[in-house]
Each structure stands twice: as C-alpha cells, then as structure tokens.
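What follows is a short report on a single structure.
What follows is calculated from the coordinates using simple rules that are stated; it is not laboratory data. This is a predicted model, so every value here is computed, not measured. Ideal geometry is used to build each Cβ from the backbone, glycine not excepted, and the neighbour counts take in all protein chains shown.
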Amino acid sequence: MTTIATDPTGPLAGIRVLDLTLALAGPLCTQRLGDMGAEIIKIEGPNRGDFTRTAKMRDVVLGGETTTFLSINRNKRSVAIDLKTPKGQALFFRMVKDVDVVIQNMRPGVAERLGITFDALKAANPKIVYVSISGYGDTGPMLPRPGQDLLVQSFSGTTFNAGTTDGMPHPSPIYIVDVAASHNACEAVLAGIIQRDRRGVPVEAKVSLLAAVLEIQIQEITTHMSTGRTGQRGSAPYASAWMEPPYGIFSTTDGYIAIAQSSLAAIAEVLNSDKLAELATSRPDPGDDAALQKWRDAVYPVVQEALRPLPTESTVAALDAAGVWCGPVMTYDDLIAHPQSEGLFTEYEHPRAGRLKTLSPAIRFSTQPTPTLRGAPMLGEHTGEVLAEFGLSSTAIEELKSEGVVA
C-alpha cells in the first residue's frame, strides 16, 4: 500500500482514512486527524459535494470558496464518486480494502441504503475502524429529526442554563455541540486504531451530537438527577444558572469584565462596596431555594453598580491581586492582537481562495513542531490521483469519468 501522509512527521503518518462526512462535526474530526499526519481522502458526490461548499457564513466567499468549507477541510484530498451507482459502490469497496478508517455522518438509513454499514465494510476489510456520527443516536423517536447543533442544544436542556427567568432560553452562539462531537469522533478513531492493532479485530464506534452535548453538561445533569434540584434562572443575567454568583459578565466604563469562581468578600473589598460585603455574609441556607434565589438576584446589580464607573484594565489587575478569577471580555480583534495568541493562528495558500488566515492545529507534538498544512481541496481535485494509487489505470479512470461515476 502506498500511503501519502499529509505530514510524515505526524503521529498518525501511515494511517489512511476514507472521509464520508459533511457539515461540521465530521469534517472537523477528520481535519484534526489530517493535521496529525493521517492521509484523509474526502469522498464527495460528483455534482455538489459537501454542502458547506455552498453554505456561506455572513455571505463570505474567497475565490469562489466558502470560509465554512475552507476552515474545516485542510489536509485532505477530494475524490468525487457517485455512491448511488453500482460502479461507484464497487469503487468505494475497492478503496475500503486498503484503508484503516472509514468515518461517516450520513442521515439515518442512508448508509444502510448504500450498503456501507459496518458489517459490509468489515467483510471487505477485517481490520477496518468504522466510526459513525449521528444527531440523536441510532434508535428512538428522535431518529428521523434533523441533527443540527441549535436543535440538539435546545433538546438537551442546555439553553436553560443561562439567561433570566423572564427571558428567552439562551443558546450558545457557536456550534458547540458539533465541535464536542468532533472531539468524541476523533477519540473514537484513535481508540479504535489501538484496539484494532492490539487485538486484530475490526472496530465500530458510534458518536452522537446528543451524547456529546450531554457530556458537556455532566456536572449539571448529575447534580440534577442525584438531588432533583435545578439551576434556576433568576432576574440577573448570570452566565450559568448553576454557578455561585457573581458568575457572569459586567460592564465597565470602557468595556466589560468577566468574573468566574470568586469570593464575594474579596470583590467587596476591592470595590469598596458595603452592600456587597453585607451580601457576602448573608447567604441563605442551601435548603431554602426561594431565599437563595432572591439572594442570587440581589448580588448581580450590586456588583454591576460598583463596576460600571471603573476602567477595565486597572480593575482586572486589582481583582486579580485579590485572588478573584476575572478577565477582560475581548473581541476577535482584541484576541488576535494579544501577545498570548502568538502561535495560535496560521496561514495557508489555496489555489482559488488565495492566502487563508485560520487557526493552527490545537494539538502539538514534539516530533511535529511545525505541522505541514495543505489547503482544503476543490471538489474532485484529486480523483484521478487517488484512484491511480488504488490501482486503477488511466483508461479505467477516464471511463468512469465519462460514465459520470466519478468527477
């Protein structure tokens, strides 16, 4: 087998992955694997491909390519195959015999209709690692529902963990469920490879967006199930209904300050607030939910009143010196300009989009201090190149192209 790793210095060099994913959770998982040196072959439909190729973020397009697709598909090669055709399926199974991993996040029932289930793949390759990502799992009444980030957040109870009683449920503004599921899928691939290599058996792993977002809430849900208590939202806009106040964001004269786990007494002393000092010593008994909620609601406005006329930088410094966990609330521009961000961002060249500024790989290895990065592929850009590596002649490839099986 001739394997072309994205980066031969990466810890996954020599691992070959067939990537049948789209949207965010799957592609981010396989990009992470590619950043670590695995060879990622992205299988897409000949006509449209991954729908993020056309799903724009704020209407941004660079050289005809969406930043949505460019940001999560680097270090991959694109092969366009019509898996709905018998020849396309035969070609896919030919490739399956010579890879380590297949990962897919197709809609429920699609893999079965296409005949690319774990049972079918392990018959073709007894050492395959097969990872599937779904919205809600593979059973239950939610199975046919769209497994989309906001919808899964809303289903999981997450949106009631922040905001106020009289306000709307508060979803995360970012695709936090997809990202969490992408990490679970990546871990599943790595664990599957270890099990396969140690035991010599094929491995199937299943990941769902719902299980991923529940894991994010493991402390809150465990507390609720063990005691029946909930994180009640009050009149104050805390960042979490579960955390001890003043956990949240407060405005200053020139910006905002975030305060995390902190001592109210310490904050009161720094802010020179008698009201806050009194509240610090008058916390109700934990068993009195009504009184406790009233006390929680009273803390926020007092802290806000004391912080509003103060400048951010010097106030953060004073609170920090008193042992209060706090920090400035920054914009993307603030973050990018901050010296702490050195090494967290990178650039790569794309034949159509030009030079793309994006994030560096989040994991670094001593054997791979500067990972090699290759831009996201154009649809079917590597079809001929990859199929030749799997033993197809140029004549056979051209015949498949003329028949519309590949592109």
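Below, the figures for the structure above:
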quantity: Residues Ala191 and Glu112, FRET efficiency given R0 of 22 Å [Cβ-Cβ distance, rounded to 0.05]; calculated: 0.35
quantity: Between the stretch 171-186 and the stretch 1-80, the Cα center-to-center distance that results, in Å; calculated: 17
quantity: Sum of side-chain charges, Ile397 neighbourhood, beta-carbon under 15 Å (Lys, Arg +1; Asp, Glu -1); calculated: -3
quantity: Additional length obtainable on full extension of the chain from Thr346 to Phe160, 0.36 nm per residue less Cα span; calculated: 63.3 nm
quantity: Whether the stretch 35-88 is rounded, prolate or oblate, judged on the alpha carbon gyration tensor where a/c under 1.5 counts as rounded; calculated: oblate
quantity: Whole-Å distance, taken between Cα centres, linking the stretch 86-144 and the stretch 230-244; calculated: 42
quantity: Share of pairwise Cα separations in the stretch 114-194, more than 15 Å, in percent; calculated: 69
quantity: Lys87-Met225 pseudo-label distance in nm [points 7 Å out on the Cα-to-Cβ vector]; calculated: 5.2
quantity: Under the span-like rule (Cα at least 20 Å along the axis, Kyte-Doolittle mean at least 0.0), DSSP H helices of the chain; calculated: 176-199
quantity: Candidates Ala180, Ala212, Ala258: whichever shows maximal mean-square fluctuation once the chain is modelled as a Gaussian network with Cα springs under 10 Å; calculated: Ala258
quantity: Förster radius 45 Å - calculated FRET efficiency between Met330 and Asp119 (Cβ-Cβ, nearest 0.05); calculated: 0.35
quantity: Spacing of the two label points (7 Å from each Cα toward its C-beta) at Trp295 and Asp59, in nm; calculated: 5.2
quantity: Distance violations [Cα-Cα > 27 Å] among Lys84/Lys357; Lys42/Lys122; Lys76/Lys127; calculated: Lys84/Lys357
